[in-house]
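Undergrad: Please read through the structure below; I'll follow up with questions.
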Amino acid sequence: MANYTAADIKALRERTGAGMLDVKKALDEADGDAEKALEIIRVKGLKGIAKREGRAASDGLVAGTVVETDGRATGVLIEVNCETDFVTKNDKFLALAEQVLEAAVSSQAADAEALLAAPAGDSTVQALVDEAAATLGEKLVLRRVARLEGENVELYLHKVSKDLPPQVGVLVATDAAGAGVARDVATHVAAFSPTYLSREDVPAETVDSERAIAEETARNEGKPEAALPKIVEGRLGGFFKENVLLDQAFAKDNKKSVGQVLSEAGGAVTGFVRFRVGA
């Protein structure tokens with residue numbers, strides 16, 4: 001029987017994040033040698049990556065940062081997925097997210113594919129993800145990355161559960177005058193998930209589709225023909241209030257729209273990004 005103690009099992013679990021059964025099997029196979037057991041866990045994990053490809057990775061975290069250079073700010077947001085919340089709060093998974101975020105900032109990668117190919121230390125981001133997946137025994141996915149530039153960029157990260165890392169992340173870019181309300185706007189975006197910044201950003205085909213649906217619904221309800229234009233425009237306005245940031249009722253004061261709050265501050269939002277894990 002291999003010579004190892006409960007303390008050895010605990011130490012190897014802390015180093016790898018692997019389950020107790022996997023650690024005990026590795027120590028048995030390595031005759032109690034912790035370093036050999038560590039290598040066994042890593043090799044078995046790497047072999048299992050292909051088997052895990054078909055599994056869903058719908059848990060995980062969102063991480064972000066803002067870097068200021070020459071009077072301009074750049075916000076970077078990433079989403080890294082795993083299979084369970086057990087791994088989501090694992091220190092090795094959290095460390096991986098930090099390494100990926102650092103690589104996203106330094107590489108200026110515009111999408112997940114470019115970031116996976118970007119350098120990270122002596123390796124690439126893809127290699128870091130694969131190595132972490134091998135150690136943790138779960139499918140890990142760098143789902144997406146976003147960059148947002150502006151005179152001012154506000155980052156807001158929200159925890160949906162107090163014992164898990166942030167799973168909602170928001171970047172809001174404003175002009176200098178809008179910086180004073182940027183934090184409130186970012187928390188609003190986190191809560192109300194707008195799709196568009198302004199009405200002008202809504203694709204024409206989407207507006208046409210919503211208008212047609214509103215008209216057909218009104219006809220089916222038996223509304224008078226003469227009243228249809230006003231009814232349709234009213235319902236289209238409701239669509240804008242639900243989906244357009246500047247038209248939404250402001251979270252901190254629903255008697256005002258987000259656009260009104262910005263106007264009162266003399267500022268403007270120039271862009272936003274919102275990630276929610278799995279959404």
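Undergrad: Within segment 21-62, track down each residue that is at pLDDT below 80, more than 23 Å from D85 (Cβ to Cβ) and part of a loop (DSSP other than H, G, I, E, B).
TA: none
Undergrad: Please indicate, with yes or no, whether at least one residue in segment 243-258 is among the polar types (S, T, N, Q), over 16 Å from A173 (Cβ atoms) and at pLDDT below 95.
TA: So far as segment 243-258 goes, yes, one or more of its residues are among the polar types (S, T, N, Q), over 16 Å from A173 (Cβ atoms) and at pLDDT below 95.
Undergrad: Please determine whether any residue of segment 136-147 is more than 30 Å from Q260 (Cβ to Cβ) and in a helix (DSSP H, G or I).
TA: There is at least one residue in segment 136-147 that is more than 30 Å from Q260 (Cβ to Cβ) and in a helix (DSSP H, G or I).
Undergrad: If you check E154 against the conditions, is it part of a loop (DSSP other than H, G, I, E, B) and buried (at least 18 other Cβ atoms within 10 Å of the Cβ)? Quick ask: steps written out before the conclusion?
TA: Values: part of a loop (DSSP other than H, G, I, E, B): no; buried (at least 18 other Cβ atoms within 10 Å of the Cβ): yes.
For E154, the condition - part of a loop (DSSP other than H, G, I, E, B) and buried (at least 18 other Cβ atoms within 10 Å of the Cβ) - is not met.
Undergrad: Take T69 and decide whether it is over 20 Å from the mean Cα position of the chain (by Cα) and of a type in the set (S, T, N, Q). Lay out the reasoning, then the answer.
TA: Values: over 20 Å from the mean Cα position of the chain (by Cα): yes; of a type in the set (S, T, N, Q): yes.
Yes: the conditions hold for T69.
Undergrad: On to the next question. Which members of segment 196-241 meet the condition of being part of a helix (DSSP H, G or I), closer than 29 Å to V172 by Cβ and polar (S, T, N, Q)?
TA: Hits for segment 196-241 are T206, S209.
Undergrad: Related question: Counting only residues that are without any contact (Cβ under 8 Å) to a residue 24 or more places away in the chain, crowded, with 16+ Cβ neighbours inside 10 Å and not acidic (D, E), give me the helices (runs of 4 or more DSSP H) lying completely in segment 63-132 with at least 1 of them.
TA: Output list reads 91-107.
Undergrad: Here's something else I'd like to know. Before we move on, is A190 in a helix (DSSP H, G or I), touching a strand residue (DSSP E or B) at 6+ places or on another chain (Cβ under 6 Å) and not basic (K, R)?
TA: Yes, satisfied.
Undergrad: Next question. Pairs, please: C-beta under 9 Å, at least 6 apart or cross-chain, first residue surrounded by 14 or more Cβ atoms within 10 Å (Cβ to Cβ) and in segment 185-210, second in a helix (DSSP H, G or I) and of a type in the set (K, R)?
TA: V207/R199; E210/R235
Undergrad: Name the residues in segment 242-273 that are assigned to a strand (DSSP E or B), assigned by TED's automatic domain parsing to the domain that holds D175 and not hydrophobic (A, V, I, L, M, F, W, C), would you?
TA: T270, G271
Undergrad: Tell me yes or no: at least one residue of segment 9-20 is more than 19 Å from N90 (Cα to Cα) and at pLDDT 65 or above.
TA: no
Undergrad: Checking the structure you have, find out if any residue of segment 220-230 is without any contact (Cβ under 8 Å) to a residue 60 or more places away in the chain and touching a Phe, Trp or Tyr at 6+ places or on another chain (Cβ under 8 Å).
TA: To start, the set of residues in segment 220-230 that are without any contact (Cβ under 8 Å) to a residue 60 or more places away in the chain comprises 220-230.
Next, only the ones that are touching a Phe, Trp or Tyr at 6+ places or on another chain (Cβ under 8 Å) stay: none.
No - not one qualifying residue is present in segment 220-230.
The values are calculated or read from the model by the stated rules, or taken from the named source; none is laboratory data. All values reported here derive from a predicted model rather than from experimental measurement. For neighbour counting, all protein chains shown are included, and Cβ atoms are generated from backbone atoms with ideal geometry for every residue, glycine included.
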